[in-house]
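A.B. asks: Pasting in a structure now, in structure tokens, and then I'll have a few things to ask.
The values are calculated or read from the model by the stated rules, or taken from the named source; none is laboratory data. Everything numeric in this text was worked out from a predicted model, so none of it was measured. Cβ sites come from the backbone with ideal geometry, for glycine too, and all protein chains shown count toward neighbours.
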Amino acid sequence: MRQLICAGNWKMHKTANEAAAFVDAFLPLVRAVPDRVEIVLCPPFTALAAVSPKLSAGRVKLGAQDVHWENSGAFTGAVSAPMLREHRVQYVIVGHSERREYFGDTDLTVRLKTAAALAGGLTPIVAVGETLELRDAGNTLAHVTLQTRAALEGLSEADVARVVLAYEPIWAIGTGRSCDPAEANAVMAAMRACVPGLRETPILYGGSVNSENIADYTAQPEIDGGLVGGASLDPKSFAGLCANAASVSR
Ligand code: 13P
């Protein structure tokens, strides 16, 4: 049985104070969520120090939204795996489509970041997904499997086994137009098959996930949770989503 994961990607939302207030409200709300759902919060870097001590009980894990591939050096604005580990970060999103679109992340840098996260003791949540143009041209599977293979290229079997994947169709992100769960399931089956060793890998769906539709995704055999943007910003809404993720039998 693969682990269910609900990860909140806050993107560029919440100051340190706002993030701390979220956690204070959120923790009591997720007390009753079954342990088989791993809950992860990925605040901006500047909120990690405020959030981290509040998560020391361990029920909710801390994630970051990006990591550089070097441990230190002349890389203005970047943050490394050891810096994240110091804040007890356990997960890091790598290759989000917004990083690829606005910050120049490529298949190569996504691969370097994935390897650096693993070497630094972090669990990378490697995000892949196609544009609407690629989808309309019938190229979804080719694109998504290419991105997946590129991100994991050169990793040892043991490292591949530590990766989490996320399928986020770009046209579904922040649009309210979520991907049909069966369609997402089929894409994930192709991802799982494109690199050896992904049978037990959690694959999350991302793109307009909310507390109402999450169970439609986790009811699918290949979908192991959600990578959630907008619906993770409100404690009640994200707690409800985490509870509903586990409401289906798998
Ligand atoms: P939304 O849930 O706001 O569509 O964002 C999805 C996403 O990009 C999560 O990484």
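A.B. asks: Within segment 187-205, which residues are within 19 Å of Ala150 (Cβ to Cβ) and part of a loop (DSSP other than H, G, I, E, B)?
C.D. replies: Passing the criteria: Val195, Pro196, Gly197, Leu198, Thr201.
A.B. asks: Oh, and also: Based on this model, can you work out whether Val163 counts as at pLDDT 95 or above, more than 10 Å from the ligand (Cβ to nearest atom), buried (at least 16 other Cβ atoms within 10 Å of the Cβ) and within 14 Å of the chain's Cα centre (by Cα)? Can you show your working first?
C.D. replies: Working: at pLDDT 95 or above: yes; more than 10 Å from the ligand (Cβ to nearest atom): yes; buried (at least 16 other Cβ atoms within 10 Å of the Cβ): yes; within 14 Å of the chain's Cα centre (by Cα): yes.
The answer is yes for Val163.
A.B. asks: Provide a single number: the residues in segment 38-72 that are part of a helix (DSSP H, G or I), in contact with a helix residue (DSSP H, G or I) (Cβ under 6 Å, 6 or more places away or on another chain) and over 23 Å from Ser97 (Cβ atoms).
C.D. replies: Count: 3.
A.B. asks: Separate question: So Asn71 clears everything in (1) surrounded by 13 or more Cβ atoms within 10 Å (Cβ to Cβ); (2) in contact with a Pro (Cβ under 7 Å, 6 or more places away or on another chain); (3) farther than 19 Å from Val195 by Cβ except one condition, right? Which one?
C.D. replies: (1)
A.B. asks: Starting from segment 233-250, take each residue that is β-branched (Val, Ile, Thr) and list its partners that are modelled with pLDDT of 95 or more, counting only C-beta distances under 8 angstrom and pairs at least six apart or across chains.
C.D. replies: Val248/Ala215; Val248/Thr218; Val248/Ala219
A.B. asks: So Arg162 clears everything in (1) outside any loop (DSSP other than H, G, I, E, B); (2) touching a strand residue (DSSP E or B) at 6+ places or on another chain (Cβ under 9 Å) except one condition, right? Which one?
C.D. replies: In the conditions (1) outside any loop (DSSP other than H, G, I, E, B); (2) touching a strand residue (DSSP E or B) at 6+ places or on another chain (Cβ under 9 Å), Arg162 misses (1) alone.
A.B. asks: How many residues does segment 30-53 hold that are farther than 20 Å from Val79 by Cβ and surrounded by fewer than 16 Cβ atoms within 10 Å (Cβ to Cβ)? It would help to see each step written out before you state the result.
C.D. replies: Keep residues of segment 30-53 that are farther than 20 Å from Val79 by Cβ, which gives 30-39.
Then keep just the ones that are surrounded by fewer than 16 Cβ atoms within 10 Å (Cβ to Cβ); that gives 31-32, 34-36.
Total meeting the criteria: 5.
A.B. asks: So, one more: Give segment 90-107 a look and list any residue that's among the aromatic types (Phe, Trp, Tyr), crowded, with 17+ Cβ neighbours inside 10 Å and assigned to a helix (DSSP H, G or I), or say none.
C.D. replies: Taking segment 90-107 as the starting set, the residues that turn out to be among the aromatic types (Phe, Trp, Tyr) are 91, 102-103.
Of the ones still in play, those that are also crowded, with 17+ Cβ neighbours inside 10 Å are 91.
Scanning segment 90-107 gives no hits.
A.B. asks: Does segment 196-225 hold any residues that are out of contact with any Pro (no Cβ under 6 Å at 6 or more places or on another chain), within 16 Å of the ligand (Cβ to nearest atom) and free of Cβ contacts under 8 Å to residues at least 40 places away in the same chain, and which are they? Give the derivation first.
C.D. replies: Of the residues in segment 196-225, the ones out of contact with any Pro (no Cβ under 6 Å at 6 or more places or on another chain) are 196-206, 208-215, 218-219, 221-223, 225.
Next cut, within 16 Å of the ligand (Cβ to nearest atom) only: 202-206, 208-215, 218, 223, 225.
Scanning segment 196-225 gives Ile203, Tyr205, Ser208, Val209, Asn210, Ser211, Glu212, Asn213, Ala215.
A.B. asks: Moving to a separate point now. Restricting the search to segment 1-18, which residues are surrounded by fewer than 22 Cβ atoms within 10 Å (Cβ to Cβ) and more than 16 Å from the ligand (Cβ to nearest atom)?
C.D. replies: Met1, Arg2, Gln3, Thr15, Ala16, Asn17, Glu18
A.B. asks: Any idea which residue in segment 183-194 is nearest to the ligand (Cβ to nearest atom), counting only those that are buried (at least 19 other Cβ atoms within 10 Å of the Cβ) and not polar (S, T, N, Q)?
C.D. replies: Our first condition is that a residue be buried (at least 19 other Cβ atoms within 10 Å of the Cβ); within segment 183-194, this holds for 184-185, 187-188, 191.
Then drop every residue that is not not polar (S, T, N, Q), which leaves 184, 187-188, 191.
Working: Ala184: 13, Val187: 15, Met188: 16, Met191: 16 Å.
Looking at residues that are buried (at least 19 other Cβ atoms within 10 Å of the Cβ) and not polar (S, T, N, Q), I get Ala184.
A.B. asks: Answer yes if at least one residue in segment 169-181 is hydroxyl-bearing (Ser, Thr, Tyr), within 23 Å of Ala25 (Cβ to Cβ) and either within 15 Å of the ligand (Cβ to nearest atom) or not in a helix (DSSP H, G or I) (or both), and no otherwise. Let's see the steps before the verdict.
C.D. replies: Within segment 169-181, the subset hydroxyl-bearing (Ser, Thr, Tyr) is 175, 178.
From what is left, the residues that are within 23 Å of Ala25 (Cβ to Cβ) are none.
No: segment 169-181 contains no residue that is hydroxyl-bearing (Ser, Thr, Tyr), within 23 Å of Ala25 (Cβ to Cβ) and either within 15 Å of the ligand (Cβ to nearest atom) or not in a helix (DSSP H, G or I) (or both).
A.B. asks: May I pose another question? Just wondering, is there one or more residues in segment 174-192 that are touching a helix residue (DSSP H, G or I) at 6+ places or on another chain (Cβ under 7 Å), at positive phi and in contact (Cβ under 8 Å) with a residue 24 or more places away in the chain? Please lay out each step first, then the result.
C.D. replies: Just the residues of segment 174-192 that are touching a helix residue (DSSP H, G or I) at 6+ places or on another chain (Cβ under 7 Å), to begin with: 174, 177-179, 181, 184, 187, 190-191.
In the following step, the residues that additionally are at positive phi were identified as 174.
Now drop any that are not in contact (Cβ under 8 Å) with a residue 24 or more places away in the chain, which leaves 174.
Yes, the conditions are met somewhere in segment 174-192.
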